[in-house]
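K.L.:
Before anything else, here's the structure in question.
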Amino acid sequence: MGKVKPRILGLEDVEKKQKQEQKQKASEKKLNKQKKSPVGVGRDRPISVERDQPVFDTVPKKEKKQTTEKKAVRRRGEKYQKVKQMVDKNKLYSLKEASALIKKLKTAKFDEAVELHLNVEKVGLRGEINLPHATGKIIHVAVVDDGLLAKIEAGKLDFDILISHPSFMPKLAKFAKILGPKGLMPNPKNGTISTTPDEVVKKFAKGMLRWKTEPKFPLIHQMIGRVSLNEKQIEENVAAFLNAVGKPKIQKAVIKLTMSPGIKIDLEKI
């Protein structure tokens with residue numbers, strides 16, 4: 001229960017005087033309370049702010065820790081560094097020079113592949129070619145039949161090229177999502193749909209290569225032989241492949257081994 005402040009009722013002068021005294025005490029109490037309150041508390045306390053001083057203190061953001069760790073730089077082996085010095089990266093080599101030099105860049109114990117990498121004018125170029133000399137790559141060619149359809153359904157794809165008779169194409173349609181992304185779906189453009197599939201198999205078994213640009217980039221990557229081929233054979237395979245693509249369509253050509261640096265080819269000297 002709160003405090004009870006008695007008043008004398010009936011005497012107007014005394015009652016009026018008591019009211020004034022109570023008001024004065026209340027105002028003094030309020031004033032003392034404001035003086036004791038801490039800085040920033042109370043809405044009636046005036047705040048003095050200098051003209052160039054911000055009202056709120058700005059708290060500096062924590063600086064990000066500077067990491068001194070550097071990304072690991074891949075360093076090639078001594079054998080690679082040695083053969084790298086044999087190649088002038090600013091020089092365009094004639095095809096004869098490149099074919100002779102590529103033989104000297106072998107560092108691996110296995111029979112390295114001779115690779116040709118081309119920058120061409122546009123995406124969508126494709127074709128096929130029989131190189132003068134075998135690439136040494138074993139190509140598995142299969143013909144569609146009921147037994148092969150069962151293997152495909154089971155997820156077994158043990159072939160590099162698939163040949164189909166037109167009558168089997170409706171049955172193959174349901175496997176398009178499996179074969180298409182792998183480039184194995186028979187297509188009349190690349191000659192893998194034929195009424196005489198056995199003859200097509202013989203053609204591909206002899207070493208016919210199918211080449212095309214990457215789906216989204218004007219680049220062609222093709223193996224054209226092994227380093228075990230002699231210089232003349234490598235030169236002839238490269239020349240045949242470049243002519244099949246069409247030299248006017250090629251902007252840049254580089255030849256290399258599986259584990260070697262690249263050699264730029266002078267297309268004007270082919």
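K.L.:
In contact with an Asp or Glu (Cβ under 7 Å, 6 or more places away or on another chain), surrounded by 10 or more Cβ atoms within 10 Å (Cβ to Cβ), aromatic (Phe, Trp, Tyr) and modelled with pLDDT of 55 or more: is that true of residue 80 in this structure?
P.N.:
In short, no.
K.L.:
Follow-up question, since we're still on this one. Is it the case that some residue within the range 84-96 is part of a strand (DSSP E or B), in contact (Cβ under 8 Å) with a residue 24 or more places away in the chain and farther than 19 Å from residue 269 by Cβ?
P.N.:
no
K.L.:
Quick check on my filter: what residues within the range 91-129 are closer than 23 Å to residue 215 by Cα and surrounded by fewer than 17 Cβ atoms within 10 Å (Cβ to Cβ)?
P.N.:
117, 119, 121, 122, 123, 124, 126, 127, 128
K.L.:
Quick check, is residue 217 surrounded by fewer than 15 Cβ atoms within 10 Å (Cβ to Cβ), in contact (Cβ under 8 Å) with a residue 24 or more places away in the chain and aromatic (Phe, Trp, Tyr)?
P.N.:
yes
K.L.:
When the range 97-129 is examined, which residues are found to be part of a strand (DSSP E or B), within 29 Å of residue 198 (Cα to Cα) and either outside the structural domain of residue 215 (by TED's automatic domain parsing) or not small (Gly, Ala, Ser) (or both)?
P.N.:
Within the range 97-129, 126, 128, 129 qualify.
K.L.:
Can I ask one more? Return the residues of the range 130-168 that are buried (at least 16 other Cβ atoms within 10 Å of the Cβ) and in a helix (DSSP H, G or I); say none if nothing qualifies.
P.N.:
Passing the criteria: 148, 152, 168.
K.L.:
I'd like the full set of residues that are on the phi < 0 side of the Ramachandran plot, surrounded by fewer than 16 Cβ atoms within 10 Å (Cβ to Cβ) and part of a loop (DSSP other than H, G, I, E, B), limited to the range 235-270.
P.N.:
266
K.L.:
Also: Whether any residue in the range 162-178 is in contact (Cβ under 8 Å) with a residue 12 or more places away in the chain, at positive phi and not basic (Lys, Arg) is what I want to check.
P.N.:
Looking for residues that are in contact (Cβ under 8 Å) with a residue 12 or more places away in the chain, at positive phi and not basic (Lys, Arg), one finds none in the range 162-178, hence no.
The values are calculated or read from the model by the stated rules, or taken from the named source; none is laboratory data. All of these numbers come straight from a predicted model, not from anything done at the bench. Cβ atoms come from the backbone with ideal geometry, glycine included; neighbour counts cover every protein chain shown.
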